[in-house]
Amino acid sequence: MRKTYDCVPTLTDSQVLEFCKKGFLMLKGVVPDEINRRTVEYLDTNTHYEPTEILEEDWFVDNVILNPQAAGAVRSLLGKNFGVPILMSNHRVQCPTSAQGWHRDGGSKHGPELNYLQVFYYPQDCPLEFGPTELLPGSHFLFSLSSYMGHYGSIRGSYHSTAPAGSIFITVYSIWHRRSASAAEGIRNMLKYNYWRTVPPQRDWMVEPDFDFATADYTLGAPTFRQQFGDCYDAAEMLFWLCGKSSEFHLMGGQGWPVPAKFMDKPYGVPS
Amino acid sequence: MGATIESVKSQVKQSIEAFKRGDLTEERLNRILEALEMLNQKRQDLLYLQAGSTSVNAGVHGMLLIQNGEVIEPNLDESPYKTVLHAIRDGWRIIKFPEMALLMDESRTYGLGCEFILEKWR
């Protein structure tokens, strides 16, 4: 049964912009240890790759799906009354194993819109030895087909989501990712699920009084895999979409907004 | 030591001389056959490099190595190939340059961008 949920948004303007730039947000150790242990026990019993029945367990829903920090971030990005997951996937891996190929998940769409989020939860510690998910920051804007990524290997700037048990990371669905190689012995569980937008976007997260759209830093940091300033353009467009102001978004070009530079005054081209 | 075309040529020349002298043996001809079979067993190594631009002097930001039939993901920070040119100087031969036609629309991105594919034979 589909359900929606509302809560207090917890992300600030700066954090929302950071999410737009990187395409993910890591929340380390936010789920209590007792719940992590119970989840691992549950997954040792239900070893199906889609243990969706766990979404009927109140202890799991209350502490993981509606975890205050995770739900607060989801609320910030998807707006009020967001749809809660109706499908649960478990990437249960017998380690050691080799790295997975880089991919974006099926159904990915590229652009500034954010109508759903893909979220990952580690119920157990996931150090480098247990093959944490590797993400490529900013790649949610990089168009490529998964079937054309098979020859990619080491990529500069990639992020290994090493994290303690109870960590949740929230991603743009289209971000490039893969399971990294593992060297340790044992089972690694990682749950993956989606939240859904039900309302039009608007800037109803935690507004920072001094946040200035004109001078905010939209840069991702090298490498961006795009033309110069392409990272700024993409992140700014996504932020405007999330504010419900995509119709006002406009790029003047040249040294106009949102190009990063030491201007003596506000840059030209800032949308009114 | 592995066989090369040059080493096989040398063996054939020596056999011709041996034939002229009248002491060409079946064993010598069998050694040439073995060398030819070894030539057939040579393997192609491949190096995929994704670079910041179409210049061979551009910095490398992605890499995958196929060496002796094994897929290897080198550590980019430890790799000696900081640019495509470094790999060329180490004997790698470019067999594919970045697809320029795919890079002409600056409003879109295509994967990791400028990709060079290089090879070596072992």
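The values are calculated or read from the model by the stated rules, or taken from the named source; none is laboratory data. Please read these numbers as outputs of a predicted model, since none were measured by experiment. Cβ placement follows ideal geometry from the backbone for every residue including glycine, while neighbour counts extend to all protein chains displayed.
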Next on the checklist: Taking the conditions exactly as written (within 14 Å of another protein chain (Cβ to nearest Cβ) and either modelled with pLDDT of 95 or more or more than 22 Å from A:HIS160 (Cβ to Cβ) (or both)), does B:GLN67 satisfy them or not?
Outcome noted: yes
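State all residues of the range B:1-57 that are of a type in the set (Lys, Arg) and touching a strand residue (DSSP E or B) at 6+ places or on another chain (Cβ under 8 Å); if no residue qualifies, say none.
Initially, the range B:1-57 is screened for residues of a type in the set (Lys, Arg), giving B:9, B:13, B:20-21, B:28, B:31, B:42-43.
B:LYS42, B:ARG43 - these are the residues of the range B:1-57 that are of a type in the set (Lys, Arg) and touching a strand residue (DSSP E or B) at 6+ places or on another chain (Cβ under 8 Å).
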Checklist entry - Which pairs do you get when a residue that is modelled with pLDDT of 95 or more, found in the range A:192-217, comes within reach of a residue that is among the hydrophobic types (A, V, I, L, M, F, W, C) and part of a loop (DSSP other than H, G, I, E, B), reach meaning Cβ atoms under 6 angstrom, with the pair 6+ apart or on two chains? => result A:TYR193/A:MET88; A:ARG203/A:CYS243; A:TRP205/A:LEU11; A:ALA214/A:VAL270
Next on the checklist: Need pairs with beta-carbon distance below 6 Å; first residue at the interface with chain A (Cβ under 8 Å from one of its Cβ atoms) and within the range B:108-122, second in a strand (DSSP E or B); sequence gap 6+ or separate chains.
Outcome noted: B:LEU112/B:GLN50; B:LEU112/B:GLY62
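At least 1 residues that are touching a residue at least 40 places away in the same chain (Cβ under 8 Å) in each: list the strands (runs of 3 or more DSSP E) lying fully within the range B:1-86 that qualify.
Working: elements: B:44-51, B:60-67, B:70-72.
In the range B:1-86, the matching strands (runs of 3 or more DSSP E) lie at B:44-51, B:60-67.
From the list A:PHE120, A:PHE143, which one is assigned to a strand (DSSP E or B) and among the aromatic types (Phe, Trp, Tyr)?
Unique residue meeting the criteria: A:PHE120.
Name the single residue that is nearest to the other protein chains (Cβ to nearest Cβ) among those in the range B:87-96 being surrounded by fewer than 17 Cβ atoms within 10 Å (Cβ to Cβ) and assigned to a loop (DSSP other than H, G, I, E, B).
Residues of the range B:87-96 surrounded by fewer than 17 Cβ atoms within 10 Å (Cβ to Cβ): B:88-91, B:93-96.
Now restrict to residues that are assigned to a loop (DSSP other than H, G, I, E, B): B:90-91.
Details: B:ASP90: 17, B:GLY91: 20 Å.
Result: B:ASP90.
Would you check which residues across the range A:56-68 are part of a helix (DSSP H, G or I) and touching a residue at least 60 places away in the same chain (Cβ under 8 Å) and list them? Before the answer, list the steps.
Start the filter on the range A:56-68 by keeping residues that are part of a helix (DSSP H, G or I), which leaves A:56, A:58-65, A:68.
Passing the criteria: A:VAL64, A:ILE65, A:PRO68.
Would the range A:111-127 turn up any residue that is charged (D, E, K, R), at pLDDT 95 or above and more than 26 Å from A:VAL31 (Cβ to Cβ)? Reasoning before the result, please.
Let us first name the residues in the range A:111-127 that are charged (D, E, K, R), namely A:113, A:125.
Adding the requirement that they be at pLDDT 95 or above leaves A:113, A:125.
Filter again for more than 26 Å from A:VAL31 (Cβ to Cβ), leaving A:113.
Within the range A:111-127, one or more residues are charged (D, E, K, R), at pLDDT 95 or above and more than 26 Å from A:VAL31 (Cβ to Cβ).
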Item to check | Residues that are in a loop (DSSP other than H, G, I, E, B) and surrounded by fewer than 21 Cβ atoms within 10 Å (Cβ to Cβ), drawn from the range A:69-84 | outcome: A:LYS80, A:ASN81, A:VAL84
Checklist outcome for this item: Of the listed residues (A:TYR218, A:TYR233, A:TYR195), the one being surrounded by 14 or more Cβ atoms within 10 Å (Cβ to Cβ) and either part of a strand (DSSP E or B) or polar (S, T, N, Q) (or both) is A:TYR195
